[in-house]
Amino acid sequence: MADYCAHATEFERSGVGIAALSVDTPAQSKALREQLNLPFTLLCDQGREVIERWGLFNRAERGGIAYPATFLIDRARAVRYSSAETVASRVSAAEMLRCLGNVSGGLQLAAFAPRKSAVVIGPLSMMRAIGNSIRLGGRSPKS
Amino acid sequence: MAIDADKMPKAGAIAPEFELSDSEGRLRRLSELTTERPLVLIFYRGHW
């Protein structure tokens, strides 16, 4: 969270919004938002309905919380990248931004052309996902 | 207990719509948050 907060301006510049979801109450979320000066939306899933539906309900801890997870969702609400962890960690903001940088620079994009045989989920997959999301998220001027 | 991989939205799937309160008490829909630009949605552990 703090990691993504520290890079919020760069996400903004990349034309990507950020929202963060937990089971905290609005009051707890508001306090956290102010404490960390978070510039993005905090969503409150107190009923655990969303984390249950998304398969991210960790019932073993503190009355049920979310597993740390990160999704890239495009304007058609299609998931372009997803990553979840069973421990308190997530793909770093720097890694995500490095991928965005690679995508926006055409030369690097060619160098990172998708490999059809790739099965390992890693930075390349994420970069490709973000690139697709940005390209597909915008409307074609001809349609 | 573990992540339910069958339920977790995968790349290519449509993210399930939801409506939740934000920290200011306003109801927000996922579809609204993705209307104008792509969204990085973070699930975090919350208050310790």
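No lab work stands behind these numbers, since they all come straight from the coordinates. The model shown is predicted, which means the values in this text are computed figures rather than measured ones. Using ideal geometry, Cβ is built from the backbone for each residue, glycine included, and neighbour counts are taken over all protein chains shown.
Taking amide H as placed 1.01 Å from N in the peptide plane, A:Val23 has its amide H under 5 Å from the amide H of A:Asp45, A:Ala66, each at least 5 places away in sequence or on another chain.
Reported to the nearest whole Å, the Cα centre-to-centre distance from chain B to segment A:35-72 is 8.
Once you average over the residues of B:27-33, how many Cβ atoms of partner chains fall within 10 Å of each Cβ? Per residue, the average neighbour count from other chains is 3.
The region of chain B that goes longest without hitting one of the trypsin sites (Lys or Arg not before Pro) in a DSSP loop, each with at most 16 other Cβ atoms within 10 Å, is B:27-48. In this rough spin-label picture, where each label sits 7 Å from Cα along the Cβ direction, the A:Glu49-B:Ile14 distance is 1.9 nm. Computed from phi, the 3J(HN,Hα) profile of segment B:18-26 under the Karplus parametrisation 6.51, -1.76, 1.60 (θ = phi - 60°) reads 8, 10, 9, 6, 8, 5, 9, x, 8 Hz, with x in place of Gly and Pro.
Residues whose amide H falls under 5 Å from that of B:Phe18, counting only those 5 or more places apart or on a different chain, are B:Leu30, B:Ser31, with hydrogens built in the peptide plane. Overall, the ratio between the Cα radius of gyration of segment A:1-63 and 2.2 N^0.38 Å, rounded to two decimals, is 1.23.
From least to most packed, judged by other beta carbons within 10 angstrom and beginning with the fewest, B:Ile14, A:Ile18 follow the order B:Ile14, A:Ile18. Spin-label model, A:Glu12/A:Leu36: points 7 Å from Cα along the beta carbon direction are separated by 1.7 nm. Computed over chain B, the P(r) curve from all C-alpha pair distances, binned at 5 Å from the origin, holds 4, 14, 21, 27, 18, 12, 3, 0 percent per bin.
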